Amino acid sequence: MHCLKKVTDDLIWVGANDRRLAMFEGVYSVPRGVSYNSYLLIDEKTVLFDTVDKAVRQRFLENLAEALGGRRLDYLVVQHVEPDHASVVCELAEKYPEMKLVGNAKTLAFVNQFNDFDFSSRFLAVTETDALETGRHKLNFVMAPMVHWPEVMVTYDSAGKILFSADAFGSFGALNGALFSDEVDFERDYMDEARRYYANIVGKYGEQAKSILEKASALDIKLICPLHGFVWRKNFKDIISKYARWSRYEPERQGVMIAYASIYGNTENAAEILASNLRGFGINTEMYDVSVTPASEIVSAAFKWSHLVFASPTYNAGIFISMEELVNDLAAHNIQNRTVAIIENGSWAAASGTLIRAKLEKCKNMNIIGDALNIKSGVKAKQLSDIAALAEAIAGTFPKPKAGRAVPGAGGEIDAETMHRLSYGLFVLSARADGLDNGCIINTAAQITSSPLCVSISVSKANHTHDMLQKSGEFNLSVLTEGTPFEAIKRFGFQSGRDADKFAGCGDARTANGIRYLPDCSNSVISAKVTGSYDCGTHTVFFAEVTQAFAVSDEPSVTYRYYFDHIKPDPAPKTDKKSGYVCKICGYVREGEELPDDFICPICKHGAGDFAKL
Ligand code: FEO
């Protein structure tokens with residue numbers, strides 16, 4: 001029986017999950033299963049994005065037939081020919097004789113290599129300059145070679161603002177009834193599987209992954225639909241920032257991954273003593289027995305941690321088998337930018353340390369600490385100091401921790417950073433004056449009394465809403481939620497109401513005072529009448545009595561910190577070497593060596609304290 005999931009009003013997930021697969025690609029264990037995602041767009045034309053692995057073809061065919069509801073299938077966009085996504089292509093071609101195959105030049109070559117079916121008369125070749133119009137939707141294609149095969153392309157639907165991202169942004173793990181990443185605790189339950197998927201499937205091709213991230217950063221995206229794992233409709237930054245880091249081979253965490261092989265427990269003993277010493281320095285450690293833990297998990301861990309230790313016996317005059325496989329695997333996946341230490345064991349003719357070193361020296365930017373620490377069969381008491389010295393040497397390469405608890409000086413100095421420790425929210429402050437509506441983003445609003453029920457807000461004088469509020473004496477506060485898209489922040493925060501109608505296209509929701517509010521991104525709305533104000537120089541603090549207040553949704557309120565961690569995109573990578581200061585709030589760059597203390601960001605109106613030197 002079919003099992004569909006609605007993605008949007010005209011996009012349906014028709015994929016399937018596989019929890020019986022022992023080894024993905026014959027190499028990677030998938031104990032939590034894997035999903036093969038396929039999406040059907042229902043427009044004037046029907047468009048299917050990729051198919052599935054043959055293991056789940058029956059469910060997929062049922063899903064597709066149900067989603068089509070008797071309509072014909074017009075197009076199959078093949079973004080990736082690897083058989084986990086394209087093994088049903090020929091069967092579909094027979095079942096839906098009017099179906100055209102859409103792909104690039106390499107797509108057809110690969111489809112022909114895997115199949116005996118003449119697609120030549122049914123193939124629609126596309127390039128990055130082509131668009132496929134299907135009615136309401138318009139599809140553009142972006143080539144993404146080596147993410148993860150040479151023929152890979154991704155598709156952007158400008159009407160729905162949907163990125164069909166092929167293998168990119170995918171994850172191991174079956175969907176378990178959910179479809180969207182925000183339906184689960186992704187960070188806690190799935191990020192490790194997303195990293196393991198990235199490191200092992202795409203990890204070798206960091207440059208290509210970076211390139212697709214740069215292309216994607218230019219697009220207005222509301223949904224990311226990958227071929228494995230969850231669909232992203234919120235908190236894109238959670239996965240995009242990880243991809244950006246992984247593609248640059250930057251560690252996510254400071255700490256030491258210790259991978260050891262041990263035949264009779266003696267090398268393990270040395271590794272344990274080292275880990276214990278490292279903990280003494282307050283350093284995080286994670287240990288893996290390479291004979292027990294699947295290599296894909298250790299490769300993933302190596303992408304996560306800043307420091308790697310390899311401890312191996314010498315075996316047949318070489319590296320112990322499973323350790324040699326691991327080190328080869330890491331080199332094949334292009335591991336780089338890590339600090340490394342090596343422990344070798346050899347009852348006679350120890351060689352594993354030198355051989356491991358030789359392999360890792362070929363990787364880029366590896367800082368290998370000293371010579372391998374040598375164990376002869378087992379750790380002896382006199383070697384405990386050698387292991388302690390190695391731990392100290394490793395610890396010496398960690399960034400120095402900030403000095404302990406600061407003691408306030410006598411001078412009354414002010415660390416502006418401490419202001420960022422205060423908790424703030426994000427709100428759309430809206431007002432109406434002279435028949436015009438306007439709104440801006442503020443981060444400072446608080447209840448100050450309960451009887452009467454009063455609030456205070458702080459508003460920059462540079463905002464047009466400030467002047468309107470002074471004139472009308474009334475306002476609304478829309479309390480923004482964690483699901484607020486960055487586009488909404490930009491709309492109300494990064495442009496002036498003097499130049500743009502910020503509420504254009506936002507409906508016409510108004511409270512009893514006739515002022516507009518933002519129902520889509522807020523969880524509650526507060527209307528208030530100004531009772532007083534205080535001039536604070538750059539800002540005015542208004543005091544106001546609440547006249548109406550109601551809830552819109554149960555979504556959590558966004559905090560300023562959450563905005564930075566999950567909503568605000570990272571600044572685009574700089575390709576030139578301009579000197580200047582970047583606004584941490586909106587990304588505006590002021591070029592030049594100096595930033596006056598009273599400088600105000602012309603985009604978001606934040607002060608010099610919110611700028612960082614480039
Ligand atoms: Fe999920 Fe590269 O295939």
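The values are calculated or read from the model by the stated rules, or taken from the named source; none is laboratory data. Everything quoted here is computed from the prediction, not taken from an experiment. Positions of Cβ are generated from backbone atoms using ideal geometry, with glycine treated the same way; all protein chains shown enter the neighbour counts. Surface areas here come from the heavy atoms of the whole protein model, side chains and all, with no ligands, DNA or RNA. Shrake-Rupley method; radii C 1.70, N 1.55, O 1.52, S 1.80 Å.
How much accessible area per residue does the chain have, counting only protein heavy atoms and a probe of 1.4 Å, in square angstrom?
Working: 27980 Å² over 614 residues.
Value for the chain: 46 Å² per residue.
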- Message: Apply the Karplus curve 6.51 cos²θ - 1.76 cosθ + 1.60, θ = phi - 60°, to the phi angles in segment 9-20 and return the couplings in whole Hz, x for Gly and Pro.
- Response: 4, 10, 10, 10, 7, 10, x, 7, 10, 10, 10, 9
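When only C-alpha pairs under 8 Å and at least 6 residues apart count, what is the relative contact order of the chain, in percent? Walk me through the numbers before you get to the answer.
On the way: 1239 pairs, mean separation 48.4, N = 614.
Value for the chain: 8 percent.
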- Message: Just to be sure I understand: of the beta bridges DSSP finds with both ends in segment 476-578, what percent are antiparallel, rounded to 5?
- Response: 100
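If Lys and Arg each add +1 and Asp and Glu each add -1, what is the summed charge of the other residues whose beta carbon sits under 10 Å from the beta carbon of residue 335?
Working: positive: 204, 338, 364; negative: 329.
With Lys, Arg at +1 and Asp, Glu at -1, the net is +2.
DSSP loop (so not H, G, I, E, B), at most 11 other Cβ within 10 Å: list which trypsin sites (Lys or Arg not before Pro) in segment 111-150 pass both filters. Don't jump to the answer; show the numbers that get you there.
Numbers: sites: 122, 136, 138; in loops: 136.
Of the trypsin sites (Lys or Arg not before Pro), not one in the loops of segment 111-150 has a Cβ with at most 11 other Cβ atoms within 10 Å.
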- Proximal charge balance of residue 488 [Cβ under 11 Å; K/R count +1, D/E count -1]: +1
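Provide the net charge surrounding residue 249, with neighbours chosen by a C-beta distance below 12 Å and charges set as Lys +1, Arg +1, Asp -1, Glu -1. Each step should come with its number before you reach the end.
Values: positive: 204, 210, 245, 248, 304, 338, 364; negative: 207, 250, 252.
In short, +4.
Please report the orientation-averaged projected area of segment 422-566, defined via the convex hull of its C-alpha atoms, in nm². Please list the in-between numbers first.
Values: hull surface 33.3 nm².
So the Cα hull casts an average projection of 8.3 nm².
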- Message: Give me, ordered by chain and number, the residues 5 or more places off residue 222 or on other chains with an amide H under 5 Å from its own placed amide H.
- Response: 162, 163
- Using a 1.4 Å probe on heavy atoms of the protein chains only, the accessible area for residue 371 in Å², nearest 10, reads 130
- Inter-centroid distance (Cα atoms) of segment 475-520 relative to segment 162-211, Å: 33
- Task: Over the chain, with every protein chain in place, what whole percent of the accessible area is carbon and sulfur at 1.4 Å, could you tell me?
- Result: 51
- Between residue 29 and residue 451, what is the spin-label point distance in nm, taking each point 7 Å from the Cα along the Cα→C-beta axis? 6.4
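Show me the ranking of peptides 11-24, 28-41 by mean Cβ neighbours inside 10 Å, starting with the highest. Walk me through the intermediate numbers first.
Working: 11-24: 19.0, 28-41: 21.8.
By packing density, highest mean first, the sequence is 28-41, 11-24.
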- Could you count how many Lys pairs in segment 348-493 have their Cα atoms under 30 Å apart, skipping same-chain pairs fewer than 8 positions apart? 12
